[in-house]
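Okay, structure first, notes after.
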Amino acid sequence: MTEQATLSPPLSFARRWAAAAVLSLSLLVITVDLTILNIALPDLAADLRPSATEQLWIIDAYSLVLAGLLVSTSSLGDRFGRKRMLLLGYAVFGVASLLVLWADTAPQVIALRALLGVGGAMIMPTTLTMLRVVFTDPAERAKALGLWAAVSGVGAALGPIVGGVLLEAFSWRAALLVNVPIMVIVLVAGFLVLPESTVPNPGRWDFVGAGLSIAGMVALIWSIKRFAEDRTLLSAPALVVLVIAVAALGLFVWRSLHRPDPLLDVRLFRRRQFSAGVVAAISSVLAMAAALLLIAQWMQLVEGYQPIETGVRLLPLAVGATLASMAAPWLATKLGARPVLAGGIAVAGVGMLLVGVPDDLTYASILPPLLLVGAGLGALAIATAMIMSGTPQDKAGNAAAIEETSYDLGNVLGVAILGSVAALLYTANAGFDRIPGLDHAMADAAGESLGAAMAIAQESQLPALAQHATAAFTHSLQTTGVLGGILLLLGAAAVYALTPRDTDITVQAH
């Protein structure tokens with residue numbers, strides 16, 4: 001297709017940046033939700049007593065549904081209106097958040113997270129698509145994408161603090177209820193400010209392709225989770241489902257390459273700067289997702305910080321991300337996109353490696369890693385600019401879906417792979433069976449998670465259990481940090497090699 005996306009009426013400077021503010025605020029909702037959940041997880045675990053597997057599902061059910069629907073919702077938005085899709089996503093996200101008032105079991109919370117994934121799939125790619133369409137000048141768009149990414153850092157800052165304040169006065173349910181007023185605000189503002197945009201003559205809706213993409217992505221993520229749950233690469237159920245995922249996604253790619261109007265134009269990967277941006281997104285989020293989740297738990301359960309104290313102590317991460325997001329586009333115009341993006345990922349890698357250095361891990365020793373990792377996250381604004389500037393306007397929805405899928409897949413892989421490594425190290429090093437007064441059943445329960453171990457230690461008055469558990473968890477955190485740092489450095493090298501030397505995010509591809 002060569003048609004350009006329709007945008008009526010043309011937007012003034014003020015209207016463009018008002019639209020950018022609304023779209024950036026949309027991202028704030030997603031970021032706040034994820035950050036608050038990390039803070040609220042220990043309270044949720046103490047209240048509902050989910051198993052280690054259920055805890056992973058509470059975190060990742062959102063990602064599973066999101067990954068499965070991103071391509072389809074983005075394509076539907078191209079056809080029926082991106083503004084309509086975005087506003088509907090706000091409504092679904094807000095209603096799902098409100099339903100937490102009636103959630104009393106871990107499976108119910110998992111179901112709510114899945115519904116949030118439906119809303120998120122409508123919101124996340126559409127914000128990027130709209131930015132690509134609203135800002136026709138690539139240089140101005142790079143600044144808007146910097147704002148979009150910086151708001152993510154602001155969300156990381158506000159999430160733990162707002163969540164901590166709410167958790168001091170209310171239960172963990174406040175972590176989701178806080179989404180409701182934000183959704184009301186963006187719903188009204190989006191209706192008033194955002195223009196409608198569609199792709200003319202998008203072709204027939206590919207029902208088979210949509211089914212293959214949903215089945216393939218859901219099967220892929222489920223298999224990854226099952227490998228993590230079984231803690232072996234020889235898990236028969238996971239292997240079978242992985243084969244199904246590969247077959248479905250392979251057929252989807254083949255179908256996309258042989259249709260004149262594919263649901264997803266996989267030929268975009270032929271553009272090196274596009275592929276480099278996708279690799280940067282996957283590798284960075286994969287390495288950082290699990291480690292940052294573990295750090296939030298370490299602060300609360302090992303160091304004993306209250307939720308609001310944890311939120312304040314995570315501020316350096318958000319500050320680093322916010323400043324780097326705003327500075328990265330400017331640096332890219334001076335130094336080039338290639339060194340800024342690869343260098344930012346490498347900086348984050350060094351920060352992760354530093355987590356494993358001290359023998360006695362304290363907040364003072366974890367502060368520099370938080371700043372460095374935040375700076376690395378901010379540099380991903382360049383990855384977004386590379387993906388969108390390397391894509392024709394009529395393929396903006398495809399590019400946005402691929403980018404958001406990359407972030408989502410990286411998050412799931414990180415929590416599943418590195419989270420499983422951390423869980424294995426925690427169980428192997430805790431020595432629960434050797435603790436006097438702890439029977440076999442209690443030892444198994446304590447080995448499920450640090451939160452369970454601390455609850456059992458308090459109920460049974462076994463300080464030795466708490467000591468063993470916190471030491472084992474700290475060791476697993478440090479080892480996971482080192483592994484994540486190595487993965488980030490490898491990702492930085494791959495991005496540097498893949499990105500064309502003359503990549504310029506202020507020039508639009510055609």
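The values are calculated or read from the model by the stated rules, or taken from the named source; none is laboratory data. Source: prediction; values computed, not measured. Cβ placement follows ideal geometry from the backbone for every residue including glycine, while neighbour counts extend to all protein chains displayed. Please note that ligands, DNA and RNA were not included when accessible areas were found on the heavy atoms of the full protein model with its side chains. Shrake-Rupley method; radii C 1.70, N 1.55, O 1.52, S 1.80 Å.
Do we find a residue being part of a helix (DSSP H, G or I), modelled with pLDDT under 85 and under 30 Å from His468 (Cα atoms) anywhere in the stretch 272-284?
no
Anything in the stretch 34-78 that is within 18 Å of the chain's Cα centre (by Cα), over 30 Å from Asp206 (Cα atoms) and of a type in the set (Gly, Ala, Ser)? List them, or say none.
Ala40
Out of Leu37, Leu115, report the one residue that is in a helix (DSSP H, G or I) and without any contact (Cβ under 8 Å) to a residue 60 or more places away in the chain.
Values: Leu37 fails: without any contact (Cβ under 8 Å) to a residue 60 or more places away in the chain.
Being in a helix (DSSP H, G or I) and without any contact (Cβ under 8 Å) to a residue 60 or more places away in the chain holds for just one of Leu37, Leu115, which is Leu115.
Cβ contacts < 9 Å: first residue small (Gly, Ala, Ser), restricted to the stretch 257-277; second residue open to solvent by 20 Å² or more (accessible area, probe 1.4 Å), any location; separation 6+ or different chain. Result?
Ser275/Phe269; Ser275/Leu498; Ala276/Arg338; Ala276/Ala494; Ala276/Tyr496; Ala276/Ala497; Ala276/Leu498; Ala276/Pro500
Consider the stretch 256-271. How many of its residues are within 30 Å of Val340 (Cα to Cα) and assigned to a loop (DSSP other than H, G, I, E, B)?
Keep residues of the stretch 256-271 that are within 30 Å of Val340 (Cα to Cα), which gives 264-271.
Going one step further and asking which of them are assigned to a loop (DSSP other than H, G, I, E, B), we end up with 264-265, 271.
Matching residues across the stretch 256-271 total 3.
So which of Leu116, Leu101 ends up being of a type in the set (A, V, I, L, M) and farther than 27 Å from Glu229 by Cα? Step through it out loud before you land on a result.
Numbers: Leu116 fails: farther than 27 Å from Glu229 by Cα.
Unique residue meeting the criteria: Leu101.
Residue under question is Gly491, and the condition is that it be at pLDDT 80 or above, touching a Ser or Thr at 6+ places or on another chain (Cβ under 6 Å), in a helix (DSSP H, G or I) and not hydrophobic (A, V, I, L, M, F, W, C); does it hold? Don't jump to the end; show me each part of the working.
Working: at pLDDT 80 or above: yes; touching a Ser or Thr at 6+ places or on another chain (Cβ under 6 Å): yes; in a helix (DSSP H, G or I): yes; not hydrophobic (A, V, I, L, M, F, W, C): yes.
Criteria met by Gly491.
Against the definition (of a type in the set (Val, Ile, Thr), buried (at least 24 other Cβ atoms within 10 Å of the Cβ) and within 18 Å of Ala149 (Cβ to Cβ)), how does Thr333 come out, yes or no? So that I can check it myself, show each step before the final result.
Numbers: of a type in the set (Val, Ile, Thr): yes; buried (at least 24 other Cβ atoms within 10 Å of the Cβ): no; within 18 Å of Ala149 (Cβ to Cβ): yes.
Against the criterion (of a type in the set (Val, Ile, Thr), buried (at least 24 other Cβ atoms within 10 Å of the Cβ) and within 18 Å of Ala149 (Cβ to Cβ)), Thr333 does not qualify.
What number of residues within the stretch 446-465 satisfy the criterion of being within 17 Å of Ala52 (Cβ to Cβ), assigned to a loop (DSSP other than H, G, I, E, B) and open to solvent by less than 40 Å² (accessible area, probe 1.4 Å)?
Going through the stretch 446-465 one residue at a time, the tally reaches 2.
Please work out which one of (1) out of contact with any Ser or Thr (no Cβ under 6 Å at 6 or more places or on another chain); (2) in a loop (DSSP other than H, G, I, E, B) is the condition Pro316 fails and give its number.
Condition not satisfied by Pro316: (2).
Could you list, ordered by first residue, the pairs with Cβ atoms under 9 Å in which the first is in the stretch 53-68 and touching a residue at least 40 places away in the same chain (Cβ under 8 Å) and assigned to a helix (DSSP H, G or I) and the second is open to solvent by less than 30 Å² (accessible area, probe 1.4 Å) and of a type in the set (Asp, Glu), at least 6 apart or interchain?
Tyr62/Asp33; Tyr62/Asp408; Ser63/Asp408; Leu64/Asp408; Leu66/Glu404; Leu66/Asp408; Ala67/Glu404; Ala67/Asp408
Could you please let me know if Val253 is more than 22 Å from Ala400 (Cα to Cα), assigned to a helix (DSSP H, G or I) and not charged (D, E, K, R)? Break it down stepwise before answering.
On the way: more than 22 Å from Ala400 (Cα to Cα): no; assigned to a helix (DSSP H, G or I): yes; not charged (D, E, K, R): yes.
For Val253, the condition - more than 22 Å from Ala400 (Cα to Cα), assigned to a helix (DSSP H, G or I) and not charged (D, E, K, R) - is not met.
Go through the stretch 79-121 residue by residue and tally those that are modelled with pLDDT under 90, buried (at least 24 other Cβ atoms within 10 Å of the Cβ) and over 17 Å from the mean Cα position of the chain (by Cα).
Residues in the stretch 79-121 being modelled with pLDDT under 90, buried (at least 24 other Cβ atoms within 10 Å of the Cβ) and over 17 Å from the mean Cα position of the chain (by Cα): 1 in total.
Do any residues in the stretch 361-377 that are over 24 Å from Ser325 (Cα atoms) have Cβ atoms under 9 Å from those of residues that are open to solvent by less than 10 Å² (accessible area, probe 1.4 Å), where the two are at least six apart or on different chains, and which pairs are they?
Hits for this filter: Leu361/Trp298; Leu361/Val355; Leu361/Leu477; Tyr363/Met299; Ser365/Val355.
Across the stretch 246-274, what is the total count of residues that are crowded, with 20+ Cβ neighbours inside 10 Å and over 18 Å from Met217 (Cβ atoms)?
2
Give me the residue from the stretch 167-179 that is open to solvent by 40 Å² or more (accessible area, probe 1.4 Å) and of a type in the set (A, V, I, L, M) and, out of that set, modelled with the lowest pLDDT.
Among residues in the stretch 167-179 that are open to solvent by 40 Å² or more (accessible area, probe 1.4 Å) and of a type in the set (A, V, I, L, M), the one modelled with the lowest pLDDT is Ala169.
How do the pairs read when you match residues in the stretch 161-182 that are among the polar types (S, T, N, Q) with residues anywhere that are at pLDDT below 75, using Cβ under 9 Å and keeping only pairs 6 or more apart or on different chains?
Pairs found: Asn179/Val32; Asn179/Asp33; Asn179/Ile36.
Find the residue count for the stretch 410-425, including only residues that are open to solvent by 10 Å² or more (accessible area, probe 1.4 Å) and within 10 Å of the chain's Cα centre (by Cα). Show your work before the answer.
Start the filter on the stretch 410-425 by keeping residues that are open to solvent by 10 Å² or more (accessible area, probe 1.4 Å), which leaves 411, 413, 417, 419-421, 423-425.
Retained after the next criterion (residues that are within 10 Å of the chain's Cα centre (by Cα)): 411.
Residues in the stretch 410-425 being open to solvent by 10 Å² or more (accessible area, probe 1.4 Å) and within 10 Å of the chain's Cα centre (by Cα): 1 in total.
For the stretch 118-144, give me each residue that is part of a helix (DSSP H, G or I) and among the acidic types (Asp, Glu).
Here is the first cut: in the stretch 118-144, the ones part of a helix (DSSP H, G or I) are 118-134, 138-144.
Result: Glu140, single match.
Condition first: closer than 30 Å to Gly77 by Cα and in a loop (DSSP other than H, G, I, E, B). Can you find one or more residues in the stretch 173-183 that meet it? Walk me through how you get there before you give the answer.
So the first thing to find is which residues in the stretch 173-183 are closer than 30 Å to Gly77 by Cα, and the list is 175-183.
Of the ones still in play, those that are also in a loop (DSSP other than H, G, I, E, B) are 178.
Within the stretch 173-183 (the criterion being closer than 30 Å to Gly77 by Cα and in a loop (DSSP other than H, G, I, E, B)), the answer is yes, since at least one residue qualifies.
Within the stretch 204-221, take every residue that is in a loop (DSSP other than H, G, I, E, B) and open to solvent by 40 Å² or more (accessible area, probe 1.4 Å) and give me the one that is nearest to Thr405 (Cα to Cα).
Residues of the stretch 204-221 in a loop (DSSP other than H, G, I, E, B): 204-206.
Remaining after also requiring open to solvent by 40 Å² or more (accessible area, probe 1.4 Å): 204-205.
Numbers: Arg204: 23, Trp205: 20 Å.
Ranking the candidates gives Trp205 first.
Is it the case that the stretch 328-337 has a residue that's part of a helix (DSSP H, G or I) and either farther than 26 Å from Arg272 by Cα or touching a Phe, Trp or Tyr at 6+ places or on another chain (Cβ under 9 Å) (or both)? Walk me through how you get there before you give the answer.
The first filter runs over the stretch 328-337 and keeps only residues part of a helix (DSSP H, G or I), leaving 328-335, 337.
Filter once more, keeping what is either farther than 26 Å from Arg272 by Cα or touching a Phe, Trp or Tyr at 6+ places or on another chain (Cβ under 9 Å) (or both): none.
No, because not a single residue in the stretch 328-337 is part of a helix (DSSP H, G or I) and either farther than 26 Å from Arg272 by Cα or touching a Phe, Trp or Tyr at 6+ places or on another chain (Cβ under 9 Å) (or both).
Starting from residues that are over 22 Å from Thr405 (Cα atoms) and open to solvent by 60 Å² or more (accessible area, probe 1.4 Å), keep the ones in the stretch 222-235 and report whichever is farthest from the chain's Cα centre (by Cα).
Narrowing the stretch 222-235 to residues over 22 Å from Thr405 (Cα atoms): 229-235.
Checking the rest, the ones that are also open to solvent by 60 Å² or more (accessible area, probe 1.4 Å) come to 229, 231, 233-234.
Working: Glu229: 20, Arg231: 23, Leu233: 24, Leu234: 28 Å.
Among residues in the stretch 222-235 that are over 22 Å from Thr405 (Cα atoms) and open to solvent by 60 Å² or more (accessible area, probe 1.4 Å), the one farthest from the chain's Cα centre (by Cα) is Leu234.
Looking at (1) open to solvent by less than 30 Å² (accessible area, probe 1.4 Å); (2) part of a helix (DSSP H, G or I); (3) modelled with pLDDT under 85, can you tell me which one Leu147 breaks?
Only one criterion in (1) open to solvent by less than 30 Å² (accessible area, probe 1.4 Å); (2) part of a helix (DSSP H, G or I); (3) modelled with pLDDT under 85 is unmet by Leu147, namely (1).
Listed here are the residues, each with its yes/no results for (1) at pLDDT 85 or above; (2) surrounded by fewer than 24 Cβ atoms within 10 Å (Cβ to Cβ); (3) among the hydrophobic types (A, V, I, L, M, F, W, C).
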position	(1), (2), (3)
Leu361	yes, yes, yes
Ser365	yes, yes, no
Ala379	no, no, yes
Ile382	yes, no, yes
Met388	no, no, yes
Gln393	no, yes, no
Gly397	no, no, no
Ile402	yes, no, yes
Thr405	no, no, no
